[in-house]
């Protein structure tokens, strides 16, 4: 990934040196720093490539993006960081999460790093773009008793059963290579923008774990025995894909855009991204089964470090082992959690302020539609600040702030859709941060 970004950067720099600046901007309008209506400066998670406009008079752009966000109904940002990066989770933090879970715990996060190149084709009056991104997405849900079993052990369930039904864990890590087009068609009073992007996905790693109805763990008094009633589907890809020639798994996805605008008076944009699936074909691991097992005189492994080797390392007699899920290496496919967005933008105060109202739906279980209001205010034509408030997903309320500064051939922007999680990571559920650097030529 780093090598590819380095090569793209060298090509970009060589192209800039090779072009004569006078010829490059011949027959195009004078450069204006912003299109006040169409440039909706916001997190890449909420603002797709189709809504990242080239500055008027510019025919090329090269953008580097970093964007991370997570949200949960009970897990503070610090707990998520410690768990994902193997930090020390304090007992106080465990208790805080336990007290917040009413019925089910839900957590979702998304990390994107990558580069995008856009080029305006004058004769066609449209734009082509190419991007390379590394994507990481996780989605976790389960009942409160599942959380307590994992982080406190089964002692508190002596003489009782812990509900392990409907556990869901999905982990996607892949490289995404995208090519696309977008074009605005002028119908006089109204204009419409059409866009499509197709991606090839190179899977680095994947885990997909699901339990069915009536899955439980019963602990007998004094820990004399354990009864497990399970319905399990466990699939995992072999971790790898360190270069372009390796394919542990592969997939395709599509991004689509349709927007309508009335010159510079307003814009309504609809986007669907990550509509596709991945297939694991290079020696994946599967455990699938439904059964009941009684464990006597043995200790269970640490369930917080559950992996494809867990069943293999259990020291069991043959009768018990025969009731465990059987290991296979079958190819499997998983659908990506697609993202749908609807955004309305309206300029006010002689284009100095742009009001954006948006809805976002992420296709994961229990995820509520996320709604937000975002205001972009231009302190100067080359400086914009933004404030936002939103609710939905797994969190109750998010407050965001963004800042961007643009020069003739360079731009930098940064912000967060959830400042509370950055300021109070040990207490507030959910956070986010993005940084974007762009060059124009």
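Please treat every number below as a calculation from the coordinates, not as lab data. No experiment lies behind these values; they were computed from the predicted model shown. When we count neighbours, we look across all protein chains shown, and the Cβ atoms used for this are built from the backbone with ideal geometry, even at glycine.
Summary of the geometry: segment 209-281 and segment 105-129, compared by the centres of their Cα atoms, lie 21 Å apart. Put the Cα centre of segment 161-198 next to the Cα centre of segment 404-441 and the gap is 21 Å. Each peptide in 265-271, 93-99, 142-148 was scored by the mean count of other Cβ atoms within 10 Å over its residues; highest first, the order is 142-148, 265-271, 93-99.
Residue-normalised convex hull volume from the C-alpha trace of segment 351-427: 115 Å³ per residue.
Where does each of 381-393, 187-199 land if you order them by average Cβ count within 10 Å, highest first? Could you put the intermediate results ahead of the total?
Numbers: 381-393: 17.9, 187-199: 15.0.
Highest mean packing first, the order is 381-393, 187-199.
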